[in-house]
Amino acid sequence: MTIKFLAAVLAFVASLNVAWAQAPIVIRFSHVVAPDTPKGQAAERFKLLAEQFTRGRVKVEVYPNSQLYKDKEELEALQLGAVQMLAPSLAKFGPLGVKEFEAFDLPYIFPSKAALYAVTEGPIGRDLLGKLQSKGITGLAYWDNGFKLMSANRPLHVPLDFRGLRMRIQSSTVLDAQMRALGARPQVMAFSEAYQALETGVVDGTENPPSNMYTQRMHLVQKHLTVSNHGYLGYAVIVNRKFWDGLPTDVRAALERAMRDATAFEKTIAQRDNDRALEAIRKAGKTTIYYLTPQEQEKWRAALLPVHRQMERRIGKDLIDAIARQTAEK
């Protein structure tokens with residue numbers, strides 16, 4: 001009896017070990033935007049490829065639209081291991097202590113997508129991701145959501161039009177300075193709360209790429225939209241460093257491959273989806289779309305470019321100058 005009982009126990013333990021060995025590694029991927037945005041689609045593409053390339057050894061659970069965490073909560077959740085992967089906007093790393101990332105928020109710092117990619121895909125971009133290591137974070141890739149437009153319930157043609165407006169921004173010292181340079185009153189607010197704040201008049205306007213504005217239905221509560229392309233919104237795909245370093249080598253290699261492919265996919269759809277979103281906003285007929293004249297664009301630049309010098313001490317003059325040199329070549 002004793003021998004049989006012991007054998008049964010050992011067999012049961014062995015079966016548990018097999019089950020544990022076969023249990024997939026779960027990656028909880030949280031983000032704050034809609035599934036049909038460029039970031040949302042890329043997250044789903046990564047899930048598909050990660051599970052395919054690891055042959056089911058990894059399961060990716062994607063949680064969009066702030067289902068798990070809002071803007072201010074998600075980075076802490078990642079550092080604590082409550083989630084394994086995020087794709088926060090680059091502005092989020094300033095409050096974390098890596099202020100250099102706020103260079104991406106500087107108005108008119110990137111004259112084109114080619115200039116942007118020269119930075120994100122080159123040594124500057126790699127060095128910036130490396131600065132996250134000390135925060136318990138590993139940076140995997142940059143994802144793109146394009147250039148931003150301004151919206152409000154009154155026309156925004158010249159800087160004077162912003163005077164006194166309460167403009168929603170994400171938490172960023174640079175974006176705060178940008179809105180103040182235009183004469184507006186910046187209001188820091190979670191992305192998930194922006195629509196209701198616009199609808200109820202808590203804030204008067206905001207800035208976003210078209211895809212974010214359209215998928216969050218902000219155009220239904222904003223009468224005027226100016227295609228200003230004054231700033232850029234991008235993301236960094238990041239993982240909990242301890243989790244990432246603890247993965248089997250072959251699994252990590254497969255996930256890196258999945259991330260490369262998902263990143264390439266994301267870049268192909270970002271501009272397309274923003275163009276489609278802008279056209280959908282036009283067709284909805286709720287919002288007047290305005291394109292700045294060259295003369296008006298110069299007035300915006302004159303008002304906003306001084307923010308670069310204002311932020312030199314915070315971000316680093318050397319970094320701002322390096323980006324300017326890199327982008328001048330494109």
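Nothing in this text is a laboratory measurement; each read-out follows from the coordinates by a stated rule. Remember, it's a predicted structure, so these values are computed and weren't measured experimentally. Here the Cβ positions follow ideal geometry from the backbone for every residue, glycine too, while neighbour counts run over all protein chains shown.
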- [ ] Would you work out which of Tyr232, Thr268, Gln295 lies farthest towards the positive end of the dipole of the range 223-330? Charges go on Cβ: Lys and Arg +1, Asp and Glu -1.
- [x] Gln295
- [ ] Place the peptides 215-222, 98-105 in order of packing, highest mean first, counting for every residue the other Cβ atoms within 10 Å and averaging per peptide.
- [x] 98-105, 215-222
TODO: Report ³J(HN,Hα) in whole Hz for each residue of the range 228-241, in order, from the Karplus equation J = 6.51 cos²θ - 1.76 cosθ + 1.60 where θ = phi - 60°; Gly and Pro get x.
DONE: 9, 6, 7, x, 10, 10, x, 10, 10, 7, 10, 9, 5, 4
Open item on the list: From the phi angles alone, apply the Karplus equation (6.51, -1.76, 1.60; θ = phi - 60°) to the range 200-209 and give each ³J(HN,Hα) in whole Hz, x where the residue is Gly or Pro.
Closed with: 8, x, 4, 10, 9, x, 6, 10, 6, x
TODO: Using R₀ = 41 Å, calculate the FRET efficiency as 1/(1 + (r/R₀)^6) where r is the Cβ-Cβ separation of Val202 and Arg55; round to 0.05.
DONE: 0.25
Task: Estimated 222 nm signal from helices in the chain, with DSSP H stretches of n ≥ 4 weighted -39500 (n - 2.57), rounded to 500 - done: -14500 deg cm²/dmol
TODO: Excluding residues fewer than 8 places away in the same chain, name every one of the lysines whose C-alpha is closer than 27 Å to that of Lys283.
DONE: Lys39, Lys113, Lys148, Lys223, Lys267
Task: Rg ratio (alpha-carbon, reference 2.2 N^0.38 Å) - the chain - done: 1.13
TODO: Mind telling me which of Val26, Val62, Val203 comes out most flexible in a GNM of the chain, alpha-carbon contacts under 10 Å?
DONE: Val26
TODO: Using Cα positions and a limit of under 19 Å, work out the lysines in reach of Lys135, with same-chain residues fewer than 8 apart set aside.
DONE: Lys72, Lys92, Lys99, Lys242
Task: Exposure proxy order (Cβ contacts within 10 Å, fewest to most) of Asp321, Asp176, Asp144 - done: Asp321, Asp176, Asp144
Task: Among Ala141, Ala197, Thr54 - extreme Cα towards positive end, dipole of the chain, charges at beta-carbon - done: Ala197
